[in-house]
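The values are calculated or read from the model by the stated rules, or taken from the named source; none is laboratory data. What you see is a predicted model, and the numbers here were worked out from it, not measured in a lab. Neighbour counts are summed over all protein chains in view; Cβ atoms, including those assigned to glycine, are modelled from backbone coordinates with ideal geometry. Quick note on the areas: whole protein, heavy atoms, side chains included, nothing else; ligands and nucleic acids left out. Shrake-Rupley method; radii C 1.70, N 1.55, O 1.52, S 1.80 Å.
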Amino acid sequence: QVQLVESGGGLVQAGGSLRLSCAASGSFFSINFMGWYRQAPGKQRELVAGITSGGSTNYADSVKGRFTISRDNAKRTVYLQMNSLKPEDTAVYYCNADIITIVAGNLRSFGSWGQGTQVTVSS
């Protein structure tokens, strides 16, 4: 069973910084894509940033230049460094990972989600 555990959320003033972490645990072969999503009250969940196993990254336009995603494959962990935070960044942030397992000698993939961590930016 795979588990994603997020940490690092909290309350910060506008202009401040936070660093989110998401560690994957359990028995699996590898992880492909890892990403951070967020969902604000009354809004749909949106992709904030993603990173492939090879290190290619993509960002939502609203966070480009402020947020940086990175990963440590050995630690099975993905990070999101958030700088110059704005009140509109307030949301629950979720970690997502594309998990690769071996089933009957074949590679299989499935998506896994963390439980979410609250980020609140005060003005």
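Under the shape rule built on the C-alpha gyration tensor, where the axes satisfy a ≥ b ≥ c, the chain is prolate, since a/c reaches at least 1.5 and a/b is greater than b/c.
Accessible surface for the chain, divided over its residues, is 53 Å² per residue with a 1.4 Å probe. Across segment 9-61, the mean sequence separation of Cα contacts (distance under 8 Å, 6 or more residues apart), normalised by length, yields a relative contact order of 23 percent.
The local environment of Ser21, defined by Cβ-Cβ distances under 13 Å, has a net charge of +2 under the rule Lys, Arg +1 and Asp, Glu -1. Other residues with beta-carbon under 15 Å from the beta-carbon of Arg76 carry, at +1 per Lys or Arg and -1 per Asp or Glu, a net charge of -1.
Can you tell me the FRET efficiency between Thr57 and Gln115 if r is taken as the Cβ-Cβ distance and R0 is 41 Å, rounded to the nearest 0.05? Rounded to the nearest 0.05, the efficiency is 0.95.
Only Cα pairs under 8 Å and 6+ residues apart enter the sum, and on that basis the relative contact order of the chain stands at 35 percent. Length gained on full extension, Ser122 to Lys43: 26.6 nm, using 0.36 nm per residue less the C-alpha separation. Sparse packing (at most 11 other Cβ atoms within 10 Å of the Cβ) combined with a DSSP loop state is found for the following trypsin sites (Lys or Arg not before Pro) in segment 39-100: Lys43, Lys64, Lys75.
Under the simplified labelling scheme, the Ala74-Gln3 pair shows an inter-label distance of 2.4 nm, with each label point 7 Å from Cα along Cα→Cβ.
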